1. So which of Val137, Val200, Val210 ends up being open to solvent by less than 80 Å² (accessible area, probe 1.4 Å), of a type outside the set (Phe, Trp, Tyr) and touching a strand residue (DSSP E or B) at 6+ places or on another chain (Cβ under 7 Å)?
2. How many residues are more than 23 Å from Ala128 (Cβ to Cβ), out of contact with any helix residue (DSSP H, G or I) (no Cβ under 6 Å at 6 or more places or on another chain), open to solvent by less than 70 Å² (accessible area, probe 1.4 Å) and in a loop (DSSP other than H, G, I, E, B) if we restrict to the stretch 76-114?
3. Working only within the stretch 139-153, note down all residues that are out of contact with any Ser or Thr (no Cβ under 9 Å at 6 or more places or on another chain) and part of a strand (DSSP E or B).
4. Looking at (1) under 15 Å from the mean Cα position of the chain (by Cα); (2) modelled with pLDDT of 95 or more; (3) under 30 Å from Arg33 (Cα atoms), which is the one condition that is false for Val200?
5. For Thr221, work out the one condition from (1) under 28 Å from Arg43 (Cβ atoms); (2) in contact (Cβ under 8 Å) with a residue 12 or more places away in the chain; (3) out of contact with any Lys or Arg (no Cβ under 7 Å at 6 or more places or on another chain) it doesn't fulfil.
6. Which one of these does Ala17 not meet: (1) under 14 Å from Pro115 (Cβ atoms); (2) modelled with pLDDT under 95?
7. If we keep just the residues of the stretch 49-63 that are of a type in the set (Val, Ile, Thr) and closer than 14 Å to Asp105 by Cα, which is nearest to the chain's Cα centre (by Cα)?
8. Give the residues of the stretch 169-193 that are open to solvent by 20 Å² or more (accessible area, probe 1.4 Å), farther than 13 Å from Asp103 by Cα and either of a type outside the set (A, V, I, L, M, F, W, C) or more than 19 Å from the chain's Cα centre (by Cα) (or both), sorted by residue number.
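The values are calculated or read from the model by the stated rules, or taken from the named source; none is laboratory data. Here the structure is a predicted model, which is why all the values come from computation and not from measurement. Because the Cβ atoms are built from the backbone with ideal geometry, glycine has one as well, and the counts that use them run over all protein chains shown. To get the accessible areas, we keep the full protein, side chains included, count just its heavy atoms, and leave off ligands, DNA and RNA. Shrake-Rupley method; radii C 1.70, N 1.55, O 1.52, S 1.80 Å.
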Amino acid sequence: MRVYVILPAAGLGTRMAAGAGSSPAPKQFLELRGTPILIHTLRAFLDLPAIAGIFVAVRKPEIPRLEALLDAHRIATKVTIVEGGDTRQLSVANALAAIHGDDDDIVLVHDSVRPLIDAAVISRTIEAVERHGAAIVALPAVDTIKQVERTAHGAIITSTIPREYVVQAQTPQGFRLGLLKRAFREAAVDGFVGTDESSVAERAGIEVAVVPGTVENLKITQQSDLDLAEFFLTQREKGRG
């Protein structure tokens, strides 16, 4: 059994650009402590011997930039660059097509802008996929969750959803390779576009387990997230010292 990783990194980072005012770089290429966010994320997986290969999906014009970054940071092994699509689902589908593994192999899909994923969470996800066939990392909901109906004048609450029935999805989201490829094939035939890989798998009737995540495993989408990631990284380095 081999473990592969897909990092969809073809996003344009419009929310980050809007907040920064003039940022020319997609958020995955912005720097965290002097190193591009995407490189931090790659290293988190490359540090694990269990990972057989990482497939990074970027827009075609960004391929030379990523090749230069990999060379500059001396990341020459296990990483394959694939062309991303206009949606996350298309990017993941392109990466899946490039993976020539067995159905029982495991594939982890991880947001390229979650650079502080730790080895323990990755390992727990792999173990859960071995046991259940599919698993995602998630956090328990802390705030009260309201279901609403959208109207022309705003949202109207229709019910309160008990927190014990709700989790906030993170990544990685892991699957047996054969299961995820089947789910993506079915979605493509029907024109279904999910919000994440788990939603595509759920639609295909695949049961997905939940692995506890961490607050450090945040997704960087705006400047405040980048500031918080720098704080978490500082705390992590102090803990190691």
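1. Values: Val200 fails: touching a strand residue (DSSP E or B) at 6+ places or on another chain (Cβ under 7 Å); Val210 fails: open to solvent by less than 80 Å² (accessible area, probe 1.4 Å).
Testing whether each residue is open to solvent by less than 80 Å² (accessible area, probe 1.4 Å), of a type outside the set (Phe, Trp, Tyr) and touching a strand residue (DSSP E or B) at 6+ places or on another chain (Cβ under 7 Å) leaves just Val137.
2. Qualifying residue count for the region: 1.
3. Our first condition is that a residue be out of contact with any Ser or Thr (no Cβ under 9 Å at 6 or more places or on another chain); within the stretch 139-153, this holds for 140-143, 150-153.
If the condition is that a residue be out of contact with any Ser or Thr (no Cβ under 9 Å at 6 or more places or on another chain) and part of a strand (DSSP E or B), then Pro140, Arg150, Thr151 are the ones that fit.
4. Against the list (1) under 15 Å from the mean Cα position of the chain (by Cα); (2) modelled with pLDDT of 95 or more; (3) under 30 Å from Arg33 (Cα atoms), Val200 comes up short only on (3).
5. Every condition holds for Thr221 apart from (3).
6. (1) is the only condition that Ala17 fails.
7. In the first step, residues of the stretch 49-63 are kept if they are of a type in the set (Val, Ile, Thr); the result is 51, 54, 56, 58, 63.
Filter again for closer than 14 Å to Asp105 by Cα, leaving 51, 54.
On the way: Ile51: 16, Ile54: 13 Å.
Out of the qualifying residues, it is Ile54.
8. Arg185, Glu186, Ala188, Val189, Asp190, Gly191, Phe192
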